[in-house]
Each structure stands twice: as C-alpha cells, then as structure tokens.
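One structure below.
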Amino acid sequence: MGSERWYENAVIYAIDVKAFQDSNGDGIGDFRGLTDRLDYLDALGVDCLWLLPFYPTPGRDNGYDVRDYYGVDPRLGTLGDFADFVRAAEERGIRVVVDLVVNHTSKEHPWFRAAREDPDSPYRDYYVWSEEVPDPDPSKGSVFPGEAGGDRVWTYDEVADAYYFHRFYDFQPDLDLTNPAVREEIRKIMGFWLQLGVSGFRIDAATLMIQGKRPGVAVPDDPHQILRDLRAHAVSYREDAVLIAEADDEPSELAEYFGDGDEMDLLLNFVLDAYLTLALAEERAAPIEECLDLLPEVPPGGQWANFLRNYDELNVGRLDEADRRTVFERFAPDEDMRIYGRGIRRRLAPILEGDRDRIELAFSLLFSMPGTPLFVYGDEIGMGEDLSLPGREAVRTPMQWSDAPNGGFSTAAPSSLIRPVVDEGEFGYERVNVADQWDDPESLLGFVRRLIGTRKTCPEVGTADPIVLETGAESVFAHRYDADGETVVLVHNLGSEPRSVRIELGEERSPVGLLGDAAVEDRGGTWTVDLPRYDYRWLRAARRSG
Ligand code: GLC
Ligand code: CA
C-alpha cells in the first residue's frame, strides 16, 4: 500500500478504543464499534489511526500497564475482531498504528510474577532489581509526582525481598532493555502485530527506554541501539512500517532519535506543542519562530508528528517559569485544571473558551507546521473535558456521536459506562456531537474536513523546510514552503485584532486561495492579506502564465 514515506503526507487520528464506540451495550467501547465507525473516519479524511493500548490490562494507567502483549482486552473484543478491523480499515486506505509499551510491564504480567517469585527464574533479569535502595538520583524522579508510588522510583517487593525500579507508577516495573532476552521478546511482539496488518508502532516512553536503569551501570553502551533495533525488526517484517517515538527530550537530544534514517521515523513534537500553546496564549508569533529555530534539522525520511492536545496532560514543562505561568493563567486559570505542576488536563475547545475562530486558528496553525498533523478523537467536533474525573481521565471521556442517550456512545445505563459522557454545559453531548455537525459545512467538523483535504493538496508541508516570512505584525505568523517549483504560503493572525500584512514573494506570483476567506490583494509579487481576528489564509503562489 503506497510508498515507504506514506507518513509524510498522512493525518494521524488517536483513538482510545474503549471510549470510542460500544457495539454491545456493555458500556465499553470495542473493536466492532470502532469498525462500524470507519466510514466516519474515512469521510473525515484521516488516513492513519493510532490506537492507544487495547491489550489485556489491570487498567490502572489507561492500558499502559500491559499484562499480555499478544492479546486484546476481552472487554474490547477478540484478536479476530482486531483482524477484522484492520482489514476493514485497509479496505478504506486507512492504516493502523498501535502502541508499543515495553519500557515497563504491569506488575501482573506473568514475567514479573515469575521474576519476583523465583530469583533463579530467567524472568528475574527481565526487570531491574536492587537489594537496597540505591542512592537517589535526582535527575531520575518519578514521571508522575504525587501518584501511586509517590516520588519513588524504587519499590520494595516482599515476595522478591528486593527493590524493583519503575520510572512511572509503582505498578509498572521497568524492563531491563539491556537484557538480550527482553529485546528478543520485543522483536516477537512487533512481528506478531505487524503480521496482523498494522503499519507500525507508537513507541511509548522512548526517552526512558534508552536511559540507564541499573544502579552502577549508568547507561547502556550505545543506548540508541535499542531503538535502532526496533526499526530493524519492524522493516524486516514490513518495509513501509513506521515508528513514532514518544521522545519527550531536550531539543538538543532529539536529532539523535532519527539516527541516520535508521532509527525513529517520526517524533511526537512535544517542544512545538508547548511553544504553539505559548504562542496562542500570548497571541504572538514569536514563540513559533523561536521553536522552529530550536528544533533540530530532520534527516531525510525523518518527520515530526505535530499535535496540540493528546490524551495525556498538555505538557508545558519545557517552557521557562514565566512562560509556563502565562500559559497557566490564560488556559488553566483554576488550580484544578492543572496537573503535575507542568500540564493542563483540558481539551482544546474549552482551553480556547469555545471560540470558533480561535479553535479554527489553532487547528489551521497545527496543520501548517512542518510535519505530520495528529489530533485526538473528539477534538474535531470541539469536545470538552470532565474535571470531576481524576487526573488525566478528565480528557478521556467517550466520543460524542449524537444527542441520543450517552451521546450515542453506548446503550448501557449511564452508571455502567467506562467513563461518564460529558452531559452538561456548553460541551455536553446534546450541544456538541458528530450528528449535528456532519452535514453542516459551517460546523467545526466541516472545517476540519476541509482542512484535512487542503493539507492533502499541500504535500510540501510534510516534506519541505518552512521559511518564515516578515510581516511586521507581532500577532501574525506567516511562512512558506517551496518544493518542486511549487510554493504554498500560510498566514495566521493569532491576535484578537484584525491585521493587514504585506508579504513579499520575491517574484511575480498570483495568490490562489486554498483555505480561509481573508481578502488578498496582489501587486506584482507583493501580497496584502487582510486578516480578521484569529484568522488564517492558505494560498498557493501560482506562476503567471503568458
Ligand atoms: C506514556 C503515556 C502515558 C502513560 C505512560 C506510562 O507517557 O503517554 O499515558 O501513563 O507512558 O506508560
Ligand atoms: Ca462493548
């Protein structure tokens, strides 16, 4: 199916299967429900689905605590349902990427059970043990301060009479990725899902996978070899397989994750996420430009996966203190909207106060950034969060399909839903749902469909380097991409005041409108774009004929 670089021009859509569509009325979304909704996803125009973990799990970290890498959570269906789903997606030209969570397992994984019970078990060395609590290393604190495991990364296990290492919750013991047997297990897991038809993996916690875990042995000799191996495994099964890394690392460290085109294909762009958020909060273009300078150059074949929100907290921990405060004050004014001192547990639409102009602006900006755009289920209709749910659960409520009970997600009694549907206020399902927006080109959903369609006609956004254009207006970000003699120009007004900006093309080119309706005047290669408040314009620069 297509070329090996298919992902450069894809639009990725993240789905939590258990919160998407319930097919059998038990209150839990499942694979048959998801399969039934493929026509919707096809019409929306997304062509790559990233499925959050759907494996058997105790479910204490939204499935990121895996008990069995070779199965489907029985509540969500069977392997047969999964295979049917992949096949049905493929028939529509939609690819499927699944989460590979092998930095750690659940405590209930049979490997860990064997490991703790028997010091001589081969599984003992799958994990990282210590007889006593090693010197705490302050750079290696828990990822979730204040949650299960507190700030500890070593937890005592009575059965093993030893401490095991965990960077996340204490019920997620870290695997020892320097152990060849563990690496071999990972190869088989990848092979299994690739043979079932998936197009690749989102590599959970890639940054932590390559950090040293065992006391005394700081880091593996060549930590990135762990990730290069993953890629070698993947392409040995399927040449067009992709690996999308959750590499939330310093900007200066990011280039290495791409390797020489032999490591990760896409990196989730956490840096851009934070700076885009800052730019939207300050209504200034400068943070975007600053961010593009900060990001390393991407080698051929490498790509950013850009996003504004996902199913975790919106992490602005990479911003400096003052900027973080600005973002919090503007986008998470109540303490309860914040989490871990670094993140926002809200969805995009409420963050932008339900203001359609701003939501469209944010989407348009995201889709104009160099790389592959990614968004999470429900953001295309402007869903909100439920702050009464604990922690990150707030942004993981069920998809709102219609104004039927439970938003059409399930026919179960509301009390037996996997999570409550947002049923009140401005973002409740009666006001915000797919059915209402579906046939309405003026709706947010109508806009997102057009945006996806437009992005597909501008492959240069996924392949060329952006060139930032001078506009003289603080609130306006303008940039262009040039590839194969073609040029697209994108202009965004992040501010609440209308702005008229002049753009020099450097040669005579006529503006051809692609998206947005701001007026453009062309005077021999100098364009004047009149942007209303929070508005955008996508233009193709056409050569004059004759
Ligand atoms: C990743 C996931 C997050 C999960 C964690 C532990 O950071 O995005 O949801 O809790 O890994 O697996
Ligand atoms: Ca179900």
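Thr207 fails exactly one of the following numbered conditions: (1) farther than 24 Å from Pro110 by Cα; (2) under 22 Å from the mean Cα position of the chain (by Cα); (3) in a loop (DSSP other than H, G, I, E, B). What is the number of that condition?
Result: Thr207 fails condition (3) only.
Surrounded by 22 or more Cβ atoms within 10 Å (Cβ to Cβ) and of a type in the set (D, E, K, R) - does that describe any residue in region 254-268?
Yes, some residue in region 254-268 is surrounded by 22 or more Cβ atoms within 10 Å (Cβ to Cβ) and of a type in the set (D, E, K, R).
Taking interchain pairs and intrachain pairs at least six residues apart, which have beta carbon atoms under 8 angstrom, with the first residue in region 12-26 and aromatic (Phe, Trp, Tyr) and the second within 14 Å of ligand 1 (Cβ to nearest atom)?
As it stands, the answer is Tyr13/Trp50; Tyr13/Leu374; Tyr13/Val376, since those pairs meet every condition given.
Restricting to region 171-208, count the residues that are within 16 Å of ligand 1 (Cβ to nearest atom), of a type outside the set (Lys, Arg) and touching an Asp or Glu at 6+ places or on another chain (Cβ under 9 Å).
So the answer is 12.
Residue check, Ser106 against (1) surrounded by 23 or more Cβ atoms within 10 Å (Cβ to Cβ); (2) assigned to a loop (DSSP other than H, G, I, E, B); (3) away from ligand 1 (no atom under 14 Å from the Cβ), all met but one. Which one?
So the condition that Ser106 fails would be (3).
Is there a residue being assigned to a loop (DSSP other than H, G, I, E, B), aromatic (Phe, Trp, Tyr) and crowded, with 20+ Cβ neighbours inside 10 Å anywhere in region 512-534?
The answer is yes, given that some residue of region 512-534 is assigned to a loop (DSSP other than H, G, I, E, B), aromatic (Phe, Trp, Tyr) and crowded, with 20+ Cβ neighbours inside 10 Å.
Can you pull out the residues in region 211-235 that are touching a residue at least 24 places away in the same chain (Cβ under 8 Å), out of contact with any strand residue (DSSP E or B) (no Cβ under 8 Å at 6 or more places or on another chain) and assigned to a helix (DSSP H, G or I)?
Result: His224, Ile226, Arg228, Asp229, Ala232, His233.
Somewhere in region 254-276, is a residue outside any loop (DSSP other than H, G, I, E, B) and polar (S, T, N, Q)?
No, region 254-276 contains no residue that is outside any loop (DSSP other than H, G, I, E, B) and polar (S, T, N, Q).
With the condition being within 28 Å of Tyr13 (Cβ to Cβ), out of contact with any Gly (no Cβ under 9 Å at 6 or more places or on another chain) and at pLDDT below 95, I'd like the helices (runs of 4 or more DSSP H) fully within region 392-510 carrying at least 1 qualifying residues.
In region 392-510, 460-463 are the helices (runs of 4 or more DSSP H) which contain 1 or more residues that are within 28 Å of Tyr13 (Cβ to Cβ), out of contact with any Gly (no Cβ under 9 Å at 6 or more places or on another chain) and at pLDDT below 95.
Any residue at all in region 50-58 that is surrounded by 21 or more Cβ atoms within 10 Å (Cβ to Cβ) and in contact with a Pro (Cβ under 9 Å, 6 or more places away or on another chain)?
yes
Please find, within region 194-223, the residue that is nearest to ligand 2 (Cβ to nearest atom) out of those that are of a type in the set (A, V, I, L, M), out of contact with any helix residue (DSSP H, G or I) (no Cβ under 8 Å at 6 or more places or on another chain) and at pLDDT below 95.
Leu208
Which of (1) in contact with a Phe, Trp or Tyr (Cβ under 9 Å, 6 or more places away or on another chain); (2) crowded, with 23+ Cβ neighbours inside 10 Å is the odd one out, the single condition Asp84 does not satisfy?
For Asp84, the exception is condition (2).
Here are Gly27, Gly77: which of them is within 16 Å of ligand 2 (Cβ to nearest atom), closer than 18 Å to Ser402 by Cβ, in a loop (DSSP other than H, G, I, E, B) and out of contact with any Cys (no Cβ under 8 Å at 6 or more places or on another chain)?
Unique residue meeting the criteria: Gly27.
The values are calculated or read from the model by the stated rules, or taken from the named source; none is laboratory data. Note that the structure is predicted; figures quoted are calculated from it, not measured. Because the Cβ atoms are built from the backbone with ideal geometry, glycine has one as well, and the counts that use them run over all protein chains shown.
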